[in-house]
Amino acid sequence: QVKLVESGGGSVQSGGSLRLSCAASGRYLSLNAMGWYRQVPGEARELVADITRGGSTNYADSVKGRFTISRDNAKNTVYLEMNSLKPEDTAVYYCNANGAVSGVNYWGKGTLVTVSS
């Protein structure tokens, strides 16, 4: 079983920055891609960014140039640096990780990011 714990959410004003972290733990931990999704009440969860074990990244068009995803494989941790935040970035942000052996997708409980204008 893999456990993902997010941290770093909070409230900021438009144009501000936040850094999210997600630490994975569990026995025989081996993860492929890790990423961040976000969800607004009443809407579908959407991909924000993901990163492979080798460091290849993928971003939603809406965050390109503003957000940066990175990971520390030794610490089984993925980060999301969010700059130039906009009110439309307000959402619950969820960490996601894919088990390398099981292929199972794991999810964190989410952390709320609120951007005020």
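The values are calculated or read from the model by the stated rules, or taken from the named source; none is laboratory data. It should be emphasised that the depicted structure is a prediction, and the values quoted were computed from it without experimental measurement. Please note: Cβ atoms are built from the backbone with ideal geometry, for glycine as well, and neighbour counts cover all protein chains shown. Accessible surface is based on the protein model in full, side chains and every heavy atom, while ligands, DNA and RNA are left aside. Shrake-Rupley method; radii C 1.70, N 1.55, O 1.52, S 1.80 Å.
Which whole-Hz couplings ³J(HN,Hα) result when phi for each residue of the stretch 79-89 is put into the Karplus expression 6.51 cos²θ - 1.76 cosθ + 1.60, θ = phi - 60°, listed in order with x for Gly and Pro?
Couplings: 10, 9, 8, 10, 10, 6, 5, 10, x, 6, 7 Hz.
Could you work out how far apart the two model spin labels at residue 88 and residue 45 are, taking each label as a point 7 Å from the Cα in the direction of the beta carbon, and quote it in nm?
In this crude spin-label approximation the distance works out to 2.3 nm.
Going Cα to Cα from residue 86, which lysines come in below 19 Å? Please leave out same-chain ones fewer than 8 positions away.
Leaving aside lysines fewer than 8 places away in the same chain, those within reach of residue 86 are 64.
Any chance you could get the radius of gyration and Dmax over the Cα atoms of the chain, in Å?
Over the chain's Cα set, Rg and Dmax evaluate to 13.6, 44 Å.
Rounded to the nearest percent, how much of the accessible area of the chain (1.4 Å probe, protein heavy atoms only) is carbon and sulfur?
Accessible surface attributable to carbon and sulfur in the chain totals 47 percent.
Compute the distance from the alpha-carbon center of the stretch 1-76 to that of the stretch 78-111, in whole Å.
Comparing the Cα centres of the stretch 1-76 and the stretch 78-111, I get a distance of 3 Å.
What is the set of long-range amide H partners of residue 10 at a cut-off below 5 Å, with H atoms built 1.01 Å from backbone N?
Those lying under 5 Å, H to H, from residue 10 are 113, 114.
Kindly sort 81, 88, 6 by accessible area of their heavy atoms, largest first, with the probe set to 1.4 Å.
88, 81, 6
Dividing the convex hull volume of the Cα atoms of the stretch 21-71 by its residue count, what figure in Å³ per residue is obtained?
Hull volume normalised by residue count: 104 Å³.
Hey, can you find the accessible area per residue of the chain for me, probe 1.4 Å, expressed in square angstrom?
Computed with neighbouring chains in place, this is 53 Å² per residue.
I need the calculated FRET efficiency for the pair residue 29 and residue 116, taking r as the beta carbon distance and R₀ as 30 Å, to the nearest 0.05.
With R0 = 30 Å, the Cβ-Cβ based efficiency is 0.20.
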